[in-house]
Amino acid sequence: MKALHNALCGREPMLCDPIKAANHAKYAEKYGVVDGVLDMFFNPVEKPYVTQAGTAVISVKGVLGVGLTKFEKLTGGADMEDITAQIEDAIANPAVNRIAFNVSSPGGTVLGTPELADKIASIPLPTMAYTKDLMASGAIYAFSQADQVTASNSAYVGSIGVIMVDESYAAYYEQIGLKMEIFRAGKYKAANVAGEGYSDAMRAEEQARIEAMHEQFKQVVLRKRTMANRADMEGQVFTGEEAAAKGLITGLATSFASALASFESTDGKDAKKMPTMSKSGKKAQAIAKPLAAEVEDSVLELLTPRQKEMVESYSDVEELFGPFDQSTGPDGSHYVAASPFASEGLLCQNCVFYRGPRGCGIVSGDIDPNGICKLWVIPQA
Ligand code: SF4
């Protein structure tokens, strides 16, 4: 695949394990169209279809890229523009009342992945994504944005990180007595051109770019998977069961058919809120979000009129834009894990948004019961 070759040659960050990407590229090169055609016959990508219950099923198989040629698709690429078009077709179809993705993908290029993630997050119908084997890197980036995300116990899930591989021949050139002369205006222009190597400034620039992408990746996952922890987003790969226990996915299913049956057995809104259990019985997803309507009347009665308005507004903001993060940034909640106002009872565990054992309905990530953030709404004692 051209898209993979570009990334493997350097300078294009990837949301995919480079070894898997290199293997795929070598395989495609070796067998080319013959392998692709055989795969098409024996293991075809299912065309989108609509079930009797009105679920549009979209299959996603292979390395994700954008603007792929027919040849690239034949050799195992999945074009994110095709997936977007299939989503739009499904939304426009009056017979469709929900969308399910059947995913088997190691991820792919950065290009196009955030856009696909946003597209999935904005689908105005209940959504579900399932993998029986692989939902990693760019694939978890995009499909973590479904309302329900399920996997088989043994599937590989995770690899939340960004990687860029580039080769420098500087030492080799020196060894053979070859000196590169490069004329450059703009200190970051064409870093490592002709394998010259990176200056310290270029290296720092590339690393900062990768880190910014990683941070964006984590924030996108956290806006939907609010029980997940940043510590589990450092490139680790988990089994489906581990991923469910860590809140990266919402549950487990032995097959796409059983995941689909479970998805179709819930109505749209419940599908978004339904808690699920991993095989080991650990809670895999936040229970219902404490949207304003879900705060018990007896608790509401204890709030001041201003606090009631705050509950309404924060809930609306969370529904519109996803959870606040824990940072001091513009979308941050200024969360701290140990409240400096503990003696006054200002603790997460007393806040109407708190969802134990370690969660919050409007702030993403791990929440300590003894923490606090600037969004607290705590009834007067
Ligand atoms: S104080 Fe309330 S809103 Fe803030 S993190 Fe704790 S539980 Fe969530």
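Which residues, counting only those in region 328-337, are surrounded by fewer than 19 Cβ atoms within 10 Å (Cβ to Cβ) and within 12 Å of the ligand (Cβ to nearest atom)? Write out each step before concluding.
Let us first name the residues in region 328-337 that are surrounded by fewer than 19 Cβ atoms within 10 Å (Cβ to Cβ), namely 328-332, 334, 336-337.
Those that are surrounded by fewer than 19 Cβ atoms within 10 Å (Cβ to Cβ) and within 12 Å of the ligand (Cβ to nearest atom): Gly332, His334, Val336, Ala337.
Quick one: how many residues across region 338-367 are under 19 Å from Asn229 (Cβ atoms), surrounded by fewer than 17 Cβ atoms within 10 Å (Cβ to Cβ) and within 9 Å of the ligand (Cβ to nearest atom)? Spell out the reasoning first.
Quick first cut of region 338-367, residues under 19 Å from Asn229 (Cβ atoms) only: 338, 348-349, 353-367.
Of the ones still in play, those that are also surrounded by fewer than 17 Cβ atoms within 10 Å (Cβ to Cβ) are 338, 349, 356-358.
Then drop every residue that is not within 9 Å of the ligand (Cβ to nearest atom), which leaves 349.
Matching residues across region 338-367 total 1.
Got a sec? Which of Val157, Val220 is surrounded by 13 or more Cβ atoms within 10 Å (Cβ to Cβ), at pLDDT below 95 and either in a helix (DSSP H, G or I) or of a type in the set (A, V, I, L, M, F, W, C) (or both)? Lay out the reasoning, then the answer.
Numbers: Val157 fails: at pLDDT below 95.
Just a single option satisfies the conditions, and that option is Val220.
Test each condition in (1) within 8 Å of the ligand (Cβ to nearest atom); (2) modelled with pLDDT under 90 for Ile372 and report the one that comes out false.
(2)
Would you pick out the residues in region 162-176 that are of a type in the set (Gly, Ala, Ser) and either in a helix (DSSP H, G or I) or at pLDDT 95 or above (or both)? Please lay out each step first, then the result.
Initial filter on region 162-176 (of a type in the set (Gly, Ala, Ser)): 168, 170-171.
Of everything in region 162-176, those that are of a type in the set (Gly, Ala, Ser) and either in a helix (DSSP H, G or I) or at pLDDT 95 or above (or both) turn out to be Ala170, Ala171.
The values are calculated or read from the model by the stated rules, or taken from the named source; none is laboratory data. It should be emphasised that the depicted structure is a prediction, and the values quoted were computed from it without experimental measurement. Cβ sites come from the backbone with ideal geometry, for glycine too, and all protein chains shown count toward neighbours.
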